[in-house]
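Below: one structure in structure tokens.
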Amino acid sequence: MSGETDLDRLIAGMEPVLDPETYVFATVAAVPEGIGALMRFDEAEGTTLILARAEADAHGIAAEFPCRRITLNVHSALEAVGFIARIATVLAAEGMGVNPVAGFYHDHLFVPEERAADAMRALRRMAAPA
């Protein structure tokens, strides 16, 4: 079940959806029992978690980068070339960084919480002419 690789089709079909939750990034030496992280990634320096801000607060985990998740509802192939690069370029032109995460079916963008509406407008503009 491979996804789309054509860049123009990916851009035209991306249908961004803004998650109402606020997420944060944290690093921990050991993941607390029962934590509900959206993503976990093990690095040499520690384990990175992306989790709801309320979850981090409830477990006393120091976190950074309050952000919102935008899911691009198009089934992008894991080997698709240039999709996230094009999106990151547009968001950079708007003066915002983005932390992308690829899932098997969709790409997810974590953007600064206070810039979520700006990111959504930029993404919709990208998709409209495509």
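Residues to consider are 125, 121; find the one that is basic (Lys, Arg), closer than 30 Å to residue 8 by Cα and modelled with pLDDT under 95. Explain how you work it out, then say what you get.
Working: 121 fails: modelled with pLDDT under 95.
One residue alone meets the criteria, 125.
Restricting attention to the range 95-125, report how many residues are charged (D, E, K, R), more than 12 Å from the chain's Cα centre (by Cα) and buried (at least 16 other Cβ atoms within 10 Å of the Cβ).
1
Right, something else. Counting only residues that are on the phi > 0 side of the Ramachandran plot, in a strand (DSSP E or B) and touching a residue at least 40 places away in the same chain (Cβ under 8 Å), how many does the range 15-70 have? Don't jump to the end; show me each part of the working.
Our first condition is that a residue be on the phi > 0 side of the Ramachandran plot; within the range 15-70, this holds for 15, 34, 46, 60, 65.
With the extra rule that they be in a strand (DSSP E or B), the set shrinks to 46, 65.
Then drop every residue that is not touching a residue at least 40 places away in the same chain (Cβ under 8 Å), which leaves 65.
Residues that pass the stated criteria total 1.
I'd like to know if the range 12-21 contains one or more residues that are of a type in the set (Val, Ile, Thr), surrounded by 17 or more Cβ atoms within 10 Å (Cβ to Cβ) and modelled with pLDDT of 95 or more. If you could, list the steps in order and put the result at the bottom.
Filtering the range 12-21 down to residues of a type in the set (Val, Ile, Thr) leaves 17.
Right, trim to surrounded by 17 or more Cβ atoms within 10 Å (Cβ to Cβ) and you get none.
No; the residues of the range 12-21 include none that is of a type in the set (Val, Ile, Thr), surrounded by 17 or more Cβ atoms within 10 Å (Cβ to Cβ) and modelled with pLDDT of 95 or more.
Among the numbered criteria (1) surrounded by 14 or more Cβ atoms within 10 Å (Cβ to Cβ); (2) out of contact with any Pro (no Cβ under 6 Å at 6 or more places or on another chain); (3) part of a helix (DSSP H, G or I); (4) at pLDDT below 95, which one does residue 84 miss?
Checking residue 84 against (1) surrounded by 14 or more Cβ atoms within 10 Å (Cβ to Cβ); (2) out of contact with any Pro (no Cβ under 6 Å at 6 or more places or on another chain); (3) part of a helix (DSSP H, G or I); (4) at pLDDT below 95, the one that fails is (2).
So for the range 50-58 (the condition being basic (Lys, Arg) and touching an Asp or Glu at 6+ places or on another chain (Cβ under 9 Å)), does at least one residue qualify? Outline the logic, then answer.
Applying the first criterion (basic (Lys, Arg)) to the range 50-58 yields 53.
If we keep only those that are touching an Asp or Glu at 6+ places or on another chain (Cβ under 9 Å) as well, we get 53.
Yes, there is a match, as at least one residue in the range 50-58 is basic (Lys, Arg) and touching an Asp or Glu at 6+ places or on another chain (Cβ under 9 Å).
Same structure again: Condition test on residue 31, is it surrounded by 12 or more Cβ atoms within 10 Å (Cβ to Cβ), aliphatic (A, V, I, L, M) and at pLDDT 95 or above? If you could, list the steps in order and put the result at the bottom.
Details: surrounded by 12 or more Cβ atoms within 10 Å (Cβ to Cβ): yes; aliphatic (A, V, I, L, M): yes; at pLDDT 95 or above: no.
Considered against the rule, which asks whether it is surrounded by 12 or more Cβ atoms within 10 Å (Cβ to Cβ), aliphatic (A, V, I, L, M) and at pLDDT 95 or above, residue 31 comes out as no.
Just need a number here: residues in the range 71-106 that are more than 20 Å from residue 121 (Cα to Cα), free of Cβ contacts under 8 Å to residues at least 60 places away in the same chain and not aliphatic (A, V, I, L, M).
Residues meeting the conditions: 2.
The values are calculated or read from the model by the stated rules, or taken from the named source; none is laboratory data. None of these values were measured; they are calculated from a predicted model. Backbone-built Cβ (ideal geometry, glycine too); neighbour counts: all protein chains shown.
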